[in-house]
Amino acid sequence: MESTRLGENLRRVLEALSREGVADPALLSRATGIPRERVELILLMLRDMRVLEVREGKPACSQACEKCPLARLCQGKNLRLYTLKP
């Protein structure tokens with residue numbers, strides 16, 4: 001039963017990440033209804049499986065925030081963002 005739930009949660013996180021393109025754990029938690037702590041563990045698993053790319057740090061922006069697709073996540077702070085590998 002537990003492995004079935006894990007598989008379902010993995011699927012939900014992957015689907016949400018596919019829809020969003022780039023996301024942080026909080027956004028994925030809201031999108032999936034999975035607690036943030038569990039989303040973070042799932043993201044670590046997916047990273048270890050080499051399914052995700054992780055970007056960390058403060059973005060070096062080349063455009064104004066109001067035109068940036070990451071503005072809802074960024075707000076000028078250090079980030080850890082996840083995206084699916086191509």
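The values are calculated or read from the model by the stated rules, or taken from the named source; none is laboratory data. Model, not experiment: these values are computed from the prediction. Because the Cβ atoms are built from the backbone with ideal geometry, glycine has one as well, and the counts that use them run over all protein chains shown.
Side notes on the structure shown:
- The set of residues from segment 12-35 being among the charged types (D, E, K, R) and modelled with pLDDT of 95 or more comprises 12, 15.
- Candidates 43, 27, 14, filtered to the one that is among the hydrophobic types (A, V, I, L, M, F, W, C), out of contact with any Lys or Arg (no Cβ under 6 Å at 6 or more places or on another chain), over 19 Å from residue 79 (Cβ atoms) and assigned to a helix (DSSP H, G or I): 14
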